[in-house]
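What follows is calculated from the coordinates using simple rules that are stated; it is not laboratory data. A quick note: this is a predicted structure, and the numbers were derived from the prediction, not measured. Reconstructed Cβ throughout: ideal geometry from the backbone, glycine too, with neighbour counts over all protein chains shown.
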Amino acid sequence: MSLASPNPDYIYSEELGQADEPELAPIICVACGKEIEWGEEPYPVRCYACHEPIDLPSQMAFSRGSDAFAEGQELLFFVSPKRRRRSITTPEEMEGLHYYMQAYSSLQLALQGKVADQQFQQAAQMMAAMANVFLQHGSVSPLESAYWGSLVKESNTHKEWIEVGEKISAVKPGAFTWLKRLRWRLRKHQLKKALIDLDQKITKLERYMKFAEQSSFRRKKTLF
Ligand SMILES: [Zn+2]
């Protein structure tokens, strides 16, 4: 298409249609990791690649939640933390918080069902970011905010723990690699200790949060 003669349909779909309604994040198969676009209804109930059933309500809740999070983030991005603490809020901030509240409940719903590991990590990061903002408004407890922060930390630490383990097994033992392997072993040991500490912290936080009828969202990590 030439720039001199813009097609009105093109302008509508690119400039307005897609900007107003961004595409939903794809479904991710929990069993094999395949990404599946939502497409038209009826939505797929089984993975095209491995034929395992898809938890559609959780996948939909994840996609809607991450969409609302992105909308809220865009509106709240320009609000400085100093202004955010004030009780009087601008219409943009109110709208941004409204999106965040939608995202917060959608993602909680998603995490109660089956989502892929990468979706879990992303959801925990979004929850931690939102809980931080809600904490400034006094709408979540410091415990709840600490809980999501700890889940993100646990998830990142576990990821690094696996990566370091892979590095150790990929390098052949020898005179030139022993120092590298030693460093990685020490790092792996540190990470394992951090994971044990985090496990205790999260278990404690969950115990406190059960009083507020909050269920557990975490995934158990296998360390041994
Ligand atoms: Zn699959």
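Put a dot 7 Å past the Cα of Cys50, heading toward its Cβ, do the same for Ala194, and the two dots end up 2.8 nm apart. The mean sequence separation of alpha-carbon pairs under 8 Å and at least six residues apart, normalised by the residue count of segment 18-138, gives a relative contact order of 29 percent.
Residues Leu182, Leu76, Leu107, Leu24, ranked from the fewest to the most other C-beta atoms within 10 Å, line up as Leu182, Leu24, Leu76, Leu107. A simple rule links phi to the HN-Hα coupling: the Karplus curve 6.51 cos²θ - 1.76 cosθ + 1.60 with θ = phi - 60°, which for segment 24-33 gives 6, 4, x, 5, 10, 5, 5, 7, 10, x Hz, with x for Gly and Pro.
Each residue of segment 101-113 is assigned a 3J(HN,Hα), and the resulting list reads 5, 4, 5, 4, 6, 4, 5, 4, 4, 4, 6, 7, x Hz, derived from the Karplus form 6.51 cos²θ - 1.76 cosθ + 1.60 (θ = phi - 60°), x at Gly and Pro.
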